[in-house]
Amino acid sequence: MIEHERLLAMLTRLKLTAVRDQLDSLLDEAARRELTLRETLAFLCEREIAHKDQRRIQMATSIAHFPRVATLEGFDFSAQPSVDARQVRELAACRWIAHGENVLFLGPPGVGKTHLAIALGREAIVAGYSVLFATAPALVASLARAHLEGRLEERLIHFAKPRLLIVDELGSLPFEPNAAHLFFQLVSRRYERGSFLITSNRTVSEWGVVFGDVVVATAILDRLLHHSHVITIRGESYRLKDKRRAGMQLHQHPNSPTSTVHQPT
Ligand code: ADP
Ligand code: MG
């Protein structure tokens, strides 16, 4: 009994908490499988490492502030033929993050930009990179507030630190006059050091309008596009497709150029 207590204390001191907490069942299993001493040691190490990896992923995922859960396995590539599944799986290997490159997902609402951004963010965490997710309006508002309060430097450091910064919905709202300059400072600071993953419903040529300043927009694009993978997603919203499958139909209003969804009567 004293031997057992002593073993638990040593496992605690070595921070082998998974082995400590399941010691009896792990040793029983090793005995049942008739593992050699060497195999048993490897088995215990594997369990400890698996547990530590899982905890690290959980922790990094909560720090990343993803708005929801989305995975690559949950992305239906057959429903989105304009996305090259092979290219996305290649990006999931995270070599672009190792090289400080950027990814841009461009396309209309509902085509899966945010879904893929979160899914690739998850893959980056599994691969051991730090990730932070923010919407463009929230990011810019946070920089603007910090600027007003004389804490801009601190905020720039915060957003420059993660190896991957996901900026979702760029262009969903036009930038305030000073915002483009603040965003430019962040882009310069991360340039060739950390990766951006940006989603936008605007084409790159419209970014001058989004930023409200063609000169700053050009400088931003220059840096973002220098080492980048631009993926343009076409097609209709996945949500609308779902609704159609559920029996709703898309009608064109006779007097309006925009389509609306009607429930068949
Ligand atoms: P976007 O950011 O382009 O506006 P989202 O990524 O938010 O679009 O996608 C809208 C919804 O449809 C989300 O719930 C998303 O998970 C789902 N979705 C979009 N495309 C696909 C797809 N190809 N397979 C599975 N779910 C999808
Ligand atoms: Mg989105």
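Taking the range 78-87 as the search range and keeping residues that are open to solvent by 20 Å² or more (accessible area, probe 1.4 Å) and assigned to a loop (DSSP other than H, G, I, E, B), which one is farthest from ligand 1 (Cβ to nearest atom)? Only one residue fits best here, namely Asp84. Scanning the range 222-247 for residues that are open to solvent by 60 Å² or more (accessible area, probe 1.4 Å) and at pLDDT below 90 gives Glu236, Tyr238, Arg239, Asp242, Lys243, Arg244, Arg245, Ala246.
Checked against (1) surrounded by fewer than 13 Cβ atoms within 10 Å (Cβ to Cβ); (2) modelled with pLDDT of 95 or more, Ala30 passes all but condition (1). So, in the range 191-202, of the ones that are within 16 Å of ligand 2 (Cβ to nearest atom) and farther than 16 Å from His229 by Cβ, which residue ends up surrounded by the fewest Cβ atoms within 10 Å (Cβ to Cβ)? Among residues in the range 191-202 that are within 16 Å of ligand 2 (Cβ to nearest atom) and farther than 16 Å from His229 by Cβ, the one surrounded by the fewest Cβ atoms within 10 Å (Cβ to Cβ) is Arg202. Of the residues making up the range 162-190, those that are open to solvent by 70 Å² or more (accessible area, probe 1.4 Å) and more than 16 Å from Ala146 (Cβ to Cβ) are Arg163, Glu169, Leu173, Pro174, Pro177.
In the range 54-75, of all residues being without any contact (Cβ under 8 Å) to a residue 60 or more places away in the chain and open to solvent by less than 70 Å² (accessible area, probe 1.4 Å), the one that is nearest to ligand 2 (Cβ to nearest atom) corresponds to Ala70. In the range 18-27, the condition of being surrounded by 13 or more Cβ atoms within 10 Å (Cβ to Cβ), among the polar types (S, T, N, Q) and free of Cβ contacts under 8 Å to residues at least 60 places away in the same chain is met by at least one residue. Only one of the numbered conditions (1) at pLDDT 95 or above; (2) part of a strand (DSSP E or B); (3) open to solvent by 40 Å² or more (accessible area, probe 1.4 Å) is not met by Leu250, and that is (1).
The residues on offer are Leu104, Leu139, and the sole one that is within 16 Å of ligand 2 (Cβ to nearest atom), open to solvent by less than 50 Å² (accessible area, probe 1.4 Å), modelled with pLDDT of 95 or more and in a strand (DSSP E or B) is Leu104. Checked across the range 204-221, the condition of being acidic (Asp, Glu), open to solvent by less than 60 Å² (accessible area, probe 1.4 Å), farther than 30 Å from Val69 by Cα and part of a loop (DSSP other than H, G, I, E, B) holds for at least one residue.
Of all residues in the range 215-238, those that are basic (Lys, Arg) have Cβ atoms under 8 Å from Cβ atoms of residues that are within 16 Å of ligand 1 (Cβ to nearest atom), 6 or more apart or on another chain, in Arg234/Ser82; Arg234/Gly107; Arg234/Pro108; Arg234/Val111. Under the condition of being near ligand 1 (Cβ under 10 Å from one of its atoms) and of a type in the set (A, V, I, L, M, F, W, C), which residue from the range 88-121 is farthest from Arg190 (Cα to Cα)? My answer is Val111. Among the residues of the range 18-34, at least one is under 23 Å from Glu5 (Cα atoms) and touching a Lys or Arg at 6+ places or on another chain (Cβ under 6 Å).
The values are calculated or read from the model by the stated rules, or taken from the named source; none is laboratory data. Note that this is a predicted model, so its numbers are computed, not measured. A quick note on method: Cβ atoms are made from the backbone with ideal geometry, for glycine too, and the neighbour counts reach across all protein chains shown. Just the protein is used for accessible areas: all its heavy atoms, side chains included, with ligands, DNA and RNA removed. Shrake-Rupley method; radii C 1.70, N 1.55, O 1.52, S 1.80 Å.
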